[in-house]
Each structure stands twice: as C-alpha cells, then as structure tokens.
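The values are calculated or read from the model by the stated rules, or taken from the named source; none is laboratory data. Remember, it's a predicted structure, so these values are computed and weren't measured experimentally. Reconstructed Cβ throughout: ideal geometry from the backbone, glycine too, with neighbour counts over all protein chains shown.
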Amino acid sequence: MNAPSHSLSALAGARIVNGLSVDVEDWFQVGAFEDVIARDEWDSISTRVADNVYRVIDLLAEADVRGTFFTLGWVAKRHPNMIRRIADAGHEVASHGYDHARVFTFDRKAFAEDIRKARQTIEDCAGVKVSGYRAPSFSIDHRTPWAFAELAEQGYAYSSSVAPVVHDHYGWPEAPRFAFRPLAGSSLIELPVTTAMLGGRRVAAGGGGFFRVLPYAFSRWAIRQVNRVDGRPAVFYFHPWEVDPDQPRVPNASMRSRLRHYTGLARMAGKLSDLVHEFRWGRMDEVAVAEQVRADAMPVPAVLTGIAA
Ligand SMILES: [Zn+2]
C-alpha cells in the first residue's frame with residue numbers, strides 16, 4: 001500500500017462531495033437591477049422563475065445530482081407547485097430571505113422578521129422543514145455579527161451567507177475560507193462560498209457572474225485546488241435566470257449592471273452540465289454535516305468573539 005501520495009490526494013479530491021446551490025429568484029429580483037426595478041413593481045412583471053427552475057431540475061437530473069435551492073419567500077408564495085417539485089426531485093429547499101433585501105440593510109429585529117416570514121412561507125408551501133439560510137448577495141459580514149445569533153435562535157442548522165473575499169458589492173475578506181462555527185456554544189455552522197488562492201490572493205471561485213464570464217477551465221482549476229490541495233468541499237452557486245438567454249432586457253439599467261447580468265447566458269447551461277458531471281455534488285445540509293469536525297477547529301473573526309447564541 002505504497003501508493004504515491006499525489007494519487008492519494010487526487011483520490012481524496014475525487015471523493016469529496018461539493019455543495020451545489022441554486023439561489024431561486026426571478027430575473028428582475030437581482031441586486032444588479034435593484035435601483036431600477038422597485039419591489040412594488042414585481043407583481044406586474046412577467047415571471048419566468050418556475051420554467052427556469054424546471055430547466056435546472058432537468059439539468060441536475062441528467063447528471064443524477066441533488067443540491068440545495070435557496071428560495072425567496074416571495075417566490076415560494078407565488079409558486080408553491082414549483083417548491084414541491086424541487087423537494088420531490090430530492091433537492092433540499094432552504095431560505096434566501098423574503099424579498100432579497102440584504103442583511104446589512106436590517107437591524108436585528110427586522111432581520112428576525114424577514115427570516116421568520118421567509119421560512120414559514122417556504123415550509124407552508126413545500127411541506128418540508130427548512131434548516132439552511134443564504135443571505136441575499138452574501139450580505140452577512142463584519143457589520144452584522146448579530147445575524148448568526150438570530151439564525152441560531154431560530155434553530156437554523158447552517159448558513160451559507162459569507163463571501164470571504166474583496167468584491168465591490170459584498171464580501172468579508174477577514175472571514176475564514178472554509179466552514180466555521182460563528183458562535184461559541186452553538187452548533188450553527190457557516191459554509192462560506194468558495195474562493196481559490198491565486199498568486200497569494202483570494203479570488204471568488206464559487207459561481208455567479210465569475211462562472212458565466214470566465215472560461216470553464218478557471219472553475220475546474222479552482223474546484224480542483226479546493227478539493228485536492230485544501231482537501232475541502234467547494235460551495236458553488238448559480239441562479240435559474242442564468243440558464244435563460246431569452247429573458248427580457250432591462251434597458252434603463254447601468255452598462256455595468258447589464259454587462260454583469262447578460263454576459264455568457266447562452267453558454268451557461270452547457271458549462272453547468274460540464275460542471276455537474278465533472279465533480280461530485282450534494283446538498284448543502286449534507287456538506288454541513290460532513291464539515292462539522294473541521295469547523296470546530298476553525299478560528300473565527302474577532303468581531304464574532306463574545307457573541308453568544
Ligand atoms: Zn440572490
């Protein structure tokens with residue numbers, strides 16, 4: 001049993017189950033269009049989310065992959081059949097907040113109401129128990145240390161709400177790159193979205209616009225690095241609207257927002273298919289369980305010390 005160590009680590013990498021997640025929101029509910037489409041207009045805009053989710057369910061079924069669908073309460077309320085179909089296909093249904101307001105726009109009380117309302121709505125629609133939460137636009141950061149205490153108080157098992165990287169819209173660069181326990185005395189676990197190390201710097205590598213805009217080879221390299229060098233699962237995310245190249249265009253959005261939202265839509269389904277076939281994927285609740293022991297050993301950012309469950 002003198003196998004060369006590189007093949008052992010390759011084997012370990014090949015066996016790691018990565019976390020696959022879908023942030024379920026409609027094409028007009030994204031942060032990039034927040035300034036030009038108000039929430040009170042949402043009900044008057046043509047919805048495409050259910051058809052896009054069904055496309056995603058088929059794409060994952062074709063690779064025999066199950067993942068987690070972090071869903072807005074607002075969407076769940078209007079598409080209960082879609083939520084049930086997600087659950088019936090073996091995926092985890094979890095919460096993405098009620099209407100995509102970012103956590104750092106709330107105080108603790110308003111955040112508590114938002115996540116309670118979202119979870120209740122989703123659970124009532126799907127008849128399933130919600131145990132996971134993803135903040136809209138990864139908006140838990142150094143400004144909102146109380147968010148973890150509130151999630152723990154409401155009994156969530158895990159959160160995947162931190163982007164441990166510098167980014168223009170979000171990010172908490174001081175946060176750990178891998179699973180950690182944000183609160184002393186609580187079993188709540190945080191599963192940050194994946195970053196890779198490139199030239200000594202952290203780079204976003206867990207999906208979103210980066211996956212659409214950059215060649216697939218970048219994501220393959222990054223996930224291999226995380227699995228084989230770090231020996232950890234990747235946490236990857238995308239949106240149903242990203243597999244919908246025919247979605248209406250928002251003409252009055254900024255050039256930057258339009259570039260960010262529309263680039264690479266036509267190639268997205270093919271890239272996703274490559275991704276889900278090439279690596280092993282599972283639900284985020286499974287990844288949370290698999291990461292428990294290593295999360296215990298991870299030091300937390302200073303801003304979280306002294307915050308109790
Ligand atoms: Zn979102």
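Among the residues of region 173-182, none qualifies, meaning not one is outside any loop (DSSP other than H, G, I, E, B) and closer than 26 Å to S46 by Cβ.
Residue-by-condition table, conditions (1) surrounded by fewer than 22 Cβ atoms within 10 Å (Cβ to Cβ); (2) under 27 Å from P176 (Cβ atoms); (3) not hydroxyl-bearing (S, T, Y):
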| site | (1), (2), (3) |
| --- | --- |
| R220 | yes, yes, yes |
| I223 | no, yes, yes |
| Y237 | no, yes, no |
| P240 | no, no, yes |
| P245 | yes, no, yes |
| P251 | yes, no, yes |
| K271 | yes, no, yes |
| W281 | no, yes, yes |
| E291 | no, yes, yes |
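Within region 23-39, how many residues are near the ligand (Cβ under 10 Å from one of its atoms), among the aliphatic types (A, V, I, L, M) and not in a strand (DSSP E or B)?
Of the residues in region 23-39, 1 are near the ligand (Cβ under 10 Å from one of its atoms), among the aliphatic types (A, V, I, L, M) and not in a strand (DSSP E or B).
Please specify each residue of region 134-149 satisfying the condition of being surrounded by fewer than 21 Cβ atoms within 10 Å (Cβ to Cβ) and either over 14 Å from G171 (Cα atoms) or touching a Leu at 6+ places or on another chain (Cβ under 8 Å) (or both). Answer for region 134-149, where residues must be surrounded by fewer than 21 Cβ atoms within 10 Å (Cβ to Cβ) and either over 14 Å from G171 (Cα atoms) or touching a Leu at 6+ places or on another chain (Cβ under 8 Å) (or both): P145, W146, A149.
For residues that are of a type in the set (A, V, I, L, M) and outside any helix (DSSP H, G or I), scanning just region 133-158, find the one that is nearest to T305 (Cα to Cα). Ranking the qualifying residues of region 133-158, first place goes to I140.
Residues of region 196-217 being in a loop (DSSP other than H, G, I, E, B) and touching a residue at least 12 places away in the same chain (Cβ under 8 Å), which ones?
If the condition is that a residue be in a loop (DSSP other than H, G, I, E, B) and touching a residue at least 12 places away in the same chain (Cβ under 8 Å), then A205, G206, G208 are the ones that fit.
For region 98-138, how many residues are at positive phi, among the hydrophobic types (A, V, I, L, M, F, W, C) and more than 18 Å from the chain's Cα centre (by Cα)? So the answer is 0. I'd like the full set of residues that are over 19 Å from A205 (Cβ atoms), touching a Lys or Arg at 6+ places or on another chain (Cβ under 8 Å) and not in a helix (DSSP H, G or I), limited to region 218-277. If the condition is that a residue be over 19 Å from A205 (Cβ atoms), touching a Lys or Arg at 6+ places or on another chain (Cβ under 8 Å) and not in a helix (DSSP H, G or I), then D244, Q247, R249, V250 are the ones that fit.
Regarding T47, is this residue in contact with a Lys or Arg (Cβ under 8 Å, 6 or more places away or on another chain), at pLDDT below 95, away from the ligand (no atom under 12 Å from the Cβ) and not aliphatic (A, V, I, L, M)?
So T47 passes the test.
Here S186, S160 are screened, and the one residue that is surrounded by fewer than 21 Cβ atoms within 10 Å (Cβ to Cβ) and among the polar types (S, T, N, Q) is S186.
Among the conditions (1) within 16 Å of the ligand (Cβ to nearest atom); (2) in contact (Cβ under 8 Å) with a residue 40 or more places away in the chain, F106 misses just one, which is (2).
Among the residues making up region 112-129, those that are among the hydrophobic types (A, V, I, L, M, F, W, C), away from the ligand (no atom under 16 Å from the Cβ) and either surrounded by 20 or more Cβ atoms within 10 Å (Cβ to Cβ) or closer than 20 Å to M284 by Cα (or both) are C125, A126, V128. In region 233-262, the residues that are under 30 Å from Q292 (Cα atoms) form no Cβ pair under 8 Å with any partner that is of a type in the set (D, E) and surrounded by fewer than 22 Cβ atoms within 10 Å (Cβ to Cβ), whether six or more places apart or across chains. Restricting V130, V166, V193 to those that are part of a loop (DSSP other than H, G, I, E, B), in contact with an Asp or Glu (Cβ under 6 Å, 6 or more places away or on another chain) and either of a type in the set (V, I, T) or closer than 27 Å to D26 by Cα (or both) reduces the list to V130. Scanning region 69-89 for residues that are of a type in the set (G, A, S) and more than 16 Å from the ligand (Cβ to nearest atom) yields a count of 2.
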